[in-house]
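> Have a look at this one.
The values are calculated or read from the model by the stated rules, or taken from the named source; none is laboratory data. What you are looking at is a predicted structure, and each value in this text was computed from that prediction instead of being measured. Backbone-built Cβ (ideal geometry, glycine too); neighbour counts: all protein chains shown. Note: areas computed on protein heavy atoms with side chains; ligands, DNA, RNA excluded. Shrake-Rupley method; radii C 1.70, N 1.55, O 1.52, S 1.80 Å.
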Amino acid sequence: MNDTFFNRLQYVAGTFGAIGVMIGAFGAHFLKSRLDIGSLETIKTGVLYLFIHTLATLFVCLRSKQYAGSRHLRTAGIAFVIGILMFSGSLFIIGTASLTGFPISAIGFITPLGGLCFILGWIFLIFQKGS
């Protein structure tokens, strides 16, 4: 396995980090006066989990330098990316639903699936070896 996958994964993680800062700032400055406390907390939770799993994804990229052939690392990275998109992404949509009018019931099931992806990513890290 070459480094192309992990180089792209690092790019995606960096992009997620930048998006996390933007959404956090957007929530703190623009949305603060437009949303209720519960909706703001939903967005904060999405940002928190985005950052935690962005860092976890970068950790996967760092580990790949030593264990480039590890399928467990590759799977963990994919699980973290999918988890960020599903978990944090759905929380951002749910948190702003009062402004956008987006029907929460249409995506509410996505959040726990994203959480499951996070759990799977951590489990794959637990069992990661040099193979």
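> Return a whole-number percent for the relative contact order of the chain, with Cα pairs under 8 Å and 6 or more residues apart as the contact set.
Contact order relative to length: 30 percent.
> Specify which residue in the list GLY38, VAL12, GLY115 is farthest towards the positive end of the charge dipole of the chain, using unit charges on the beta carbon of Lys, Arg (+1) and Asp, Glu (-1), about the Cα centre.
Value computed over the given set: VAL12.
> Please report the spacing between the Cα centers of the range 1-69 and the range 77-118 in Å, no decimals.
What the calculation gives is 14 Å, centre to centre.
> Additional query: Residues of the range 106-123 with amide nitrogen under 11 Å from the 7 Å Cα-to-Cβ point of THR100?
Label zone hits: 107.
> Taking 0.36 nm per residue of separation and subtracting the Cα-Cα distance, what length does fully extending ARG8 through PHE30 add?
Length gained between ARG8 and PHE30: 4.7 nm.
> Hey, another quick one. Quick one: net charge around SER70, please, counting Lys, Arg +1 and Asp, Glu -1 for every other residue with C-beta under 14 Å from its C-beta.
+4
> Continuing with the same structure: What are the lysines whose alpha-carbon lies under 29 Å from the alpha-carbon of LYS129, with same-chain residues fewer than 8 places away excluded?
LYS65
> OK, next. Can you give me the solvent accessible area of TYR49 with a 1.4 Å probe, rounded to the nearest 10 Å²?
So the heavy atoms of TYR49 present about 80 Å² to solvent.
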